[in-house]
Amino acid sequence: MVNKPVFEGLIIDEQDQPVDSIYIGDEPCYVVDDAGFRRHIPSEHVDRQVLEAMGEMIEGHEDILSEQTAKMLGQEDIFSMAMISSQLKDIDKQFENLMQTGIPDDARSYMGLMGFRIRIDVHVDVLNIEQPGIVDPESE
């Protein structure tokens, strides 16, 4: 069971309005304004779509991501890169952990400040994920 909305505060609707998150009992939900009607949708529906899209972006690029992550951390030794690569290859397990804990508040705030946004429609389908610095593969 999901314990916390993963992308709380990073989701906008088709009109660029922020999407709220609330709990209905123990279940986290995103609240989308549909012409005045507030739709309450379990957050897991959106979160899994976003994590799946992120996993697809990572797939096949684990080695370069490991190398760059190690550089950013100042840990460019072979053991650190192997550990990071292993974590990336087991990304589904990492995503499951995120589904339970959510993204730490400070990391989520940083993502928001950098312009990371998830746009959803009133049916709570992900329309696009806006990631600063990411080049659209179709425009390459």
Exercise for review: Just name the residue that is nearest to residue 46 (Cα to Cα) out of those in segment 127-140 that are under 11 Å from the mean Cα position of the chain (by Cα) and either aliphatic (A, V, I, L, M) or modelled with pLDDT under 90 (or both).
Suggested key: 129
Exercise for review: Working only within segment 60-98, note down all residues that are closer than 25 Å to residue 8 by Cα and either open to solvent by 100 Å² or more (accessible area, probe 1.4 Å) or in contact (Cβ under 8 Å) with a residue 60 or more places away in the chain (or both).
Suggested key: 92, 93, 98
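Hey, among the residues in segment 16-26 that are open to solvent by 80 Å² or more (accessible area, probe 1.4 Å) and over 18 Å from residue 127 (Cα atoms), which one's nearest to the chain's Cα centre (by Cα)?
This residue is 23.
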Review point. Would segment 29-49 turn up any residue that is in a loop (DSSP other than H, G, I, E, B), at pLDDT below 85, open to solvent by 50 Å² or more (accessible area, probe 1.4 Å) and not charged (D, E, K, R)?
Key: no
Exercise for review: Tell me, please, whether a residue that is open to solvent by less than 80 Å² (accessible area, probe 1.4 Å) and more than 22 Å from residue 132 (Cβ to Cβ) can be found in segment 104-115.
Suggested key: no
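The values are calculated or read from the model by the stated rules, or taken from the named source; none is laboratory data. Since this is a predicted model, take the numbers as computed values, not measurements. Every residue, glycine among them, receives a Cβ derived from its backbone with ideal geometry; neighbour counts consider all protein chains shown. Side chains included, ligands, DNA and RNA excluded: accessible areas come from the protein's heavy atoms. Shrake-Rupley method; radii C 1.70, N 1.55, O 1.52, S 1.80 Å.
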